[in-house]
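Structure record follows, encoded as structure tokens.
The numbers here are math on the coordinates, done by the rules we state, and not lab data. These numbers were taken from a predicted model, which means no experiment stands behind them. Note that each Cβ is placed from the backbone with ideal geometry, even for glycine, and that neighbours are counted across all protein chains shown.
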Amino acid sequence: MRMSLGQDRSERLLTSNRWRWFVLSALTVLLFTRPLIDLSLLTLEGDDHYSHVGLIPLIFLYLIWSERERVFAGGRTKAWVAVFPAIGALVLATAGLSGAGQTDGYDHLSFMIEAFVVAYWAAFVLALGWK
């Protein structure tokens, strides 16, 4: 069956947006590799107070995956909105890095994981836009 020119263009745009999201996601994970490793180690230590913390990024990724049909639907616009979560991620990461010597390691890790989630959100909005 032959697609119309508009359908073909929207399919290419959707594929391009998915690749952009994949690349930005990989860069975000690479940027936050050390805090993610620290989070994994903290989760695996067996301390009952922190054993659930590792689920936060996993739940975040699951929510995106479970709504992927809606998420990757065409018609997204306004990618400039990504500036706001990017600034938020930068503020959280700066707070985590600057206060690392003044607070315990858990506070530093908390700031960095929050910064990861917000940076991932910014990458998502930058790649796919906001409706």
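What FRET efficiency do you get for L58 and T15 if R0 is 30 Å and r is their Cβ-Cβ distance, rounded to the nearest 0.05?
Rounded to the nearest 0.05, the efficiency is 0.65.
Going by amide H atoms built from the backbone, whose H comes under 5 Å of the H on S51, apart from near neighbours?
none
Which distance in nm do the two modelled labels at D48 and T94 give, with both placed 7 Å along the Cα-to-Cβ direction?
Taking the simple label geometry, D48 and T94 are separated by 4.0 nm.
For an R0 of 25 angstrom, estimate the FRET efficiency from the Cβ-Cβ distance between R68 and V29 and round to the nearest 0.05.
Efficiency at R0 = 25 Å is approximately 0.90.
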